[in-house]
Each structure stands twice: as structure tokens, then as C-alpha cells.
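Worksheet: the structure to be examined is printed underneath.
The values are calculated or read from the model by the stated rules, or taken from the named source; none is laboratory data. All values reported here derive from a predicted model rather than from experimental measurement. Heads up, the Cβs are rebuilt from the backbone with ideal geometry, glycines too, and the neighbour counts pull from every protein chain shown. Only protein heavy atoms, including side chains, enter the accessible area calculation; ligands, DNA and RNA are left aside. Shrake-Rupley method; radii C 1.70, N 1.55, O 1.52, S 1.80 Å.
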Amino acid sequence: MSVRPARGTHFDVTAPVVVIGAGACGLTAALAASDRGAAVVVLERDRAPAGSTALSSGMVPAAGTAAQARRGIADSPQAMAGDIQRKAGGRADPALVAAVCRCSAPTLEWLMHDHAVAFELVEGFLYPGHSVPRMHAPPGRTGAELIGALADAARRCPTVDVVTEAPVTALYGEPDGRVAGVQITRADGRTETVGCGALVLACSGFGGNRELVARHIPEMAEALYFGHPGNRGDAASWGEALGGETLHMGAFQGHGSVATPHGILITWALMMEGGIQVNALGERFSNEHRGYSEQTLAVLAQPGGVAWNIFDERLDRLGRQFEDYRTALACGAVRSADSVAQLAGVLRLPPGALAASIAETAGDGRDRFGRDLAATPALQAPYFAVKVTGALFHTQGGLRVDDCARVLRRGGTGALPNLYAGGGAAVGVSGPDVAGYLSGNGLLSAVTLGRLAGETAAAQQVR
């Protein structure tokens, strides 16, 4: 991947706004730019839009939505920003946090009302770090459903052209950092060039690049990668070559609950509502309520890098609300037993240790890990279990952007002329490491920065 001199380059076609990547960020950016009057070309390397969005649970946090109001839930962008900063230890960019929180509810309402992208408020449990219910998701609770709805919306827009199987392999730049266009290299080696008035980088982070992961996130160098393999770090490389700045490259979202060897995400709602994790010795090893992202490292530190999610019939019913969990059931990833002794035999765990771990859930206060066991009911037979591992989902470091999603130059000298970034291509709101990730931060940045990037890029072209 390179940035080539634009001088003397003839472009085969030109579009006012070009977007690289057709995930949630790219498609949201395209819809926003189109609504502001700009024609948009979206370039997607795969045969169909998917990206890391399709692998997610499709949940987007938003504060002050109509759905919350109907349930009598008091929330605000300021409260949401407070939750994000508490999780990040106050280390996320305050202006960026304020921007994505302020934009969250209007963005979901716009997608629902103007583009028929369905969201509903997720109720019945709180994800770690959120002070009120504010997760919104498609009815099926999957990212595949979300990306499908966004792709359908883009197809309905006459001024949005999504071009698939079109990997971008180079940018063309001016000496001042302005992007003049891009090069596409087709599977048969043919190249095409597309000029642009503005470019939106929505091609995610670098989780699929083992070399960059080893350099920036060495603790995850050998971990399962649960994101899109096309996330190679192109956006950060291009942005830096044009004079942009990267930030918090060691930050990432992991998940400590991916069924192994099935590779299916098991919802963390099971842990938040009373489940526990035990290792191969049948012992608990952490506070399962800290958050599923930092739990990644805790699980990977156990023997064999695996753990067992232990829960009961009440939580099995909760899990069945999620399509991923239903898939895990169909694949045989979920085991069950009528007693602790039987469960220990099924899982080949020491029965005494497993019994002691399950008995801990009947506690009436904080345990040795700091979890408030009194906050959830004790586990009761029959029991259920899933063998899980920790995985890298997506990186949270990336190009530094302002509150309009403009890529900022190194040295604090303002923004690049016509380059925008969102989602995994931009720095997130999780601070510098895994501990700062608050549930939903990834898709929050994708849809809000995508909308801001699309609107600002379009305004630059149609004014």
C-alpha cells in the first residue's frame, strides 16, 4: 500500500466523495454524504459488504433516544460520555468522546426514520460500565443483520454506488496532503483509478496484520483474531504517509467469550446476569463483571488459554434471545448437566473445585475479585457450559481525528485538506489500552464518525 504523487495522473472516473470500505462506518458515511447532496462511490474489497461489523453483535450505544424515552429511561450525551471516560480512566480525547455521544441518538434516529435501518432498545441487563440501558441493536441481535440493512439502504440511494471486489491498493496525493484519488487493483491484475474531491477512510484497523499486532499489541500476537482478515492497517499507513497522526495504537477490543473450537461469540450477558468462568482446574480466576474486553487477557492467561462459561437454565433462556447463542446450541457448543457432579464429568473438571466455584454464586457480598455476588441470583441446576477462549476483535488505535472526523496532521498543525476517517480507521474513545473499552465503543465510533465524515465531506464538495 502506498501514496503516489498525483501530478500527471489521469483518473478513469471521478466522484465528489469516495469511501474506502463498506462496513458500518463506510455505508453510514455514504448515506450521510448522499443525504447532503453529494454523489458517492464506495469501494469494497470483498464480494459483498460485511467487514468486522458482520462479525459483531450489532449493538450500538446511544443516549437520549426515543426508545429510551418510551421506557422512562433518563439518559444524556453527558452521562454517556461520563461512562466512557470512567471506563477509559479519563484517557480518551474529551472532544471526540463528546462528539460521538452527542451524535449517537440523532444518528440512530436518522438511520431508522430516513433509511429503514431497524434498531430496538436492548433491555433486561446492563453491559459492563453502562449506567443505564442504552444499547440498541437490530431485532436479531447480529452485526450481519445490521450490515445487511445498511447495504440495502445504500442500494436504495440513487447517488450511492457501492463497487465490490475493488480493493484499493494506492492513493494519489498532493504535496500539501490533499488526496486526488485512488487506485483499484482487480483480482486479474487490472488497475483502475478513481479521482475524488474528498476521501473517507472506513477500512477499519490492523487486527488482520500479524506484524502490526505484534508491534503494537504484543500481548495479543498469538491470540485468535475474530475480526475481518482484510483489516490490514491500510488506513493508518496512508494517513501517516499524507502527514496524519496516529494515536493509541496499543488499544484494542477483545472478548473473553468466544466458543472454541466453534468460533462463535457467546454473549457476555450470561456473565453479567449471574454466570461465572472457571479454568481447567475448575476454579474462578477473575471478576467477570469487569468487562468482556479486558477479560480476554484473563482467559488467555489460564491453562491452555481457555475457560468454561458456567450458567444455568435461567441464563440459557436469556442467551436464546441472541442468534449467535442459538447457533452455538445448534453446533453443540453448549453442554448441559442435571447436577454439579454430572457437569464436572461432562467437562472433565475436578468436581470439588467446580462445586466450590458454583457455590460462590450464592454469596451475599463482594468476593475476593471484587464482584458483588449479591447482585445476581445464585446458579441452580440444571447447569450449562460453553468452552471459550479470548480473542482480538478489532483495534482501537488509529488516525487522530477531530469532532468532524477530519484527519489531523502530526504536530498539531490542523487537519488534512480532504481526508476523513471513522470506525477502526480512526482512533477510538477507549483510551490507550484494552481496559478502556466500554461495550459498544466500536460500532459507536463507526456509525457516528461515519455520519460526521460523510456530512463534512459532502459539505466540502457541494458548497
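Whole angstrom only: what separates the Cα centroid of the range 388-429 from the Cα centroid of the range 281-335?
Here the answer is 31 Å between Cα centres.
Mind pulling the angle between the C-alpha long axis of helix 143-156 and the longest principal axis of the chain? Nearest 10 degrees, somewhere in 0 to 90.
30
With each pseudo-label sitting 7 Å past Cα toward Cβ, what's the GLU123-GLN342 distance in nm, one decimal?
So the label points at GLU123 and GLN342 sit 3.5 nm apart.
Keeping every protein chain present and rolling a 1.4 Å probe, give me the accessible area per residue for the chain in Å².
36
Between GLN78 and ARG410, what is the spin-label point distance in nm, taking each point 7 Å from the Cα along the Cα→C-beta axis?
If labels sit at GLN78 and ARG410, their model points lie 3.9 nm apart.
Write down the percent of antiparallel bridges among all DSSP beta bridges whose residues are both part of the chain, to the nearest 5.
65
If I take R0 = 45 Å and measure r between the Cβ atoms of ARG156 and ARG91 in this structure, what FRET efficiency does the formula 1/(1 + (r/R0)^6) give, to the nearest 0.05?
Calculated value: 0.65.
How much net charge surrounds SER34 when only the other residues with a Cβ under 13 Å from the Cβ of SER34 are counted, with Lys and Arg +1 and Asp and Glu -1?
Local net charge: 0.
Determine the order of PHE285, PHE206 by accessible area, beginning with the largest, at a probe radius of 1.4 Å.
If we order PHE285, PHE206 from most to least accessible, we get PHE285, PHE206.
For a Förster distance of 22 Å, can you work out the FRET efficiency between the beta-carbons of ASP114 and THR169, rounded to the nearest 0.05?
Efficiency for this residue pair is about 0.05.
To the nearest 10 square angstrom, what accessible area does GLU323 show with a 1.4 Å probe?
Solvent-accessible area, nearest 10 Å²: 80 Å².
Give the separation of the Cα centroids, the range 24-80 to the range 205-246, in Å.
Computed from Cα coordinates, the inter-centre distance equals 23 Å.
Given the rule -39500 (n - 2.57) for each run of at least 4 DSSP H residues, summed and divided by the residues of the chain, what is its mean residue ellipticity at 222 nm, to the nearest 500 deg cm²/dmol?
One gets -9000 deg cm²/dmol as the mean residue ellipticity at 222 nm.
Considering only C-alpha atoms, what is the centroid distance from the range 342-373 to the range 142-199, in Å?
51
Calculate the spin-label point distance for ASP12 paired with LEU281, positioning each point 7 Å from the Cα along the beta-carbon direction, and give it in nanometres.
Rounded to a tenth, the inter-label distance reads 6.1 nm.
Going by alpha carbons, how many degrees (0 to 90, nearest 10) lie between the helix axis of 24-35 and the longest principal axis of the chain?
Helix 24-35 sits roughly 40 degrees off the main axis of the chain.
Need one value: the accessible area of THR9 in square angstrom, 1.4 angstrom probe, rounded to the nearest 10.
For THR9, solvent-accessible area is about 40 Å².
Report in % the part of the accessible area of the range 97-220 that belongs to carbon and sulfur, leaving out ligands and nucleic acids; probe 1.4 Å.
Using a 1.4 Å probe with all protein chains present, the range 97-220 comes out at 53 percent carbon and sulfur.
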